[in-house]
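First up is the structure itself, then whatever we jot down about it.
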Amino acid sequence: MADERTETNQPIVFARRLVAPEVFRGLFREGMTLVEETATYLDGDGRTESRSLPRSASLGYATESMRLTTRLMQLASWLLLQRAVNDGEMPPEQASLEKAKIKLGGLATATEGPSWDELPEQLRSLILRSLSLRERIRMIDRAGASVEPPVSVENPVARQIDQIAQAFGGAAK
């Protein structure tokens, strides 16, 4: 039987689990799908809808579509870097340097009020989805930034079991 104590002596690092391949694939797929949906909308229905907006709403549409596009490009960059790390194509240290160039904050969007209400519903939906995705990625990024190398934590019970085993002339299993 293998000695499992070395595994249990290590603290659990949730940030690593959040970017684990099986969890990350879904997040990556969601992000890239949102980028594609947004591009399709802005080049098609969005362009048509923006032409029929009143002047004040048209300005809001232009501003928010630019913010949305910028936000999604930043998120896509982060997702692509994390995928490169997960796939072993880039060391985490290099990805950290590159991620430092990505701005996950900023570009605030007012999601209520008259200018928000005048925007087409599909654009508002895309904006809200991008904000939700950004918050999840920011949470993962913040957690990842605070990840430190595992520290060996002494397990007092394991130490006592070892002492008992040595007293009786055997090794603990």
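The values are calculated or read from the model by the stated rules, or taken from the named source; none is laboratory data. All figures in this text were calculated on a predicted structure; none of them were measured in a lab. Note that each Cβ is placed from the backbone with ideal geometry, even for glycine, and that neighbours are counted across all protein chains shown. Keep in mind that these areas ignore ligands, DNA and RNA; they rest on the heavy atoms of the full protein, side chains included. Shrake-Rupley method; radii C 1.70, N 1.55, O 1.52, S 1.80 Å.
Structure above, values below:
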{"item": "Within region 102-113, tally of residues that are without any contact (Cβ under 8 Å) to a residue 24 or more places away in the chain and over 12 Å from Glu64 (Cα atoms)", "result": "3"}
{"item": "Sole exception among (1) over 26 Å from Asp117 (Cβ atoms); (2) part of a helix (DSSP H, G or I); (3) not aromatic (Phe, Trp, Tyr) for Thr69, by number", "result": "(1)"}
{"item": "Qualifying residue in region 45-52 (condition: closer than 30 Å to Arg142 by Cα and exposed (fewer than 13 other Cβ atoms within 10 Å of the Cβ))", "result": "no"}
{"item": "Filter result for the condition that a residue is modelled with pLDDT of 95 or more and open to solvent by less than 20 Å² (accessible area, probe 1.4 Å), over Ala84, Ala57, Ala15, Ala76", "result": "Ala76"}
{"item": "Near pairs, Cβ below 8 angstrom, 6+ apart or cross-chain, from region 119-143 (assigned to a helix (DSSP H, G or I)) to any residue that is open to solvent by less than 10 Å² (accessible area, probe 1.4 Å) and among the β-branched types (Val, Ile, Thr)", "result": "Leu126/Thr38; Ser130/Thr38"}
{"item": "Count of residues meeting criterion [in contact with a helix residue (DSSP H, G or I) (Cβ under 8 Å, 6 or more places away or on another chain), open to solvent by less than 70 Å² (accessible area, probe 1.4 Å), assigned to a loop (DSSP other than H, G, I, E, B) and within 22 Å of Glu30 (Cα to Cα)] in region 91-106", "result": "3"}
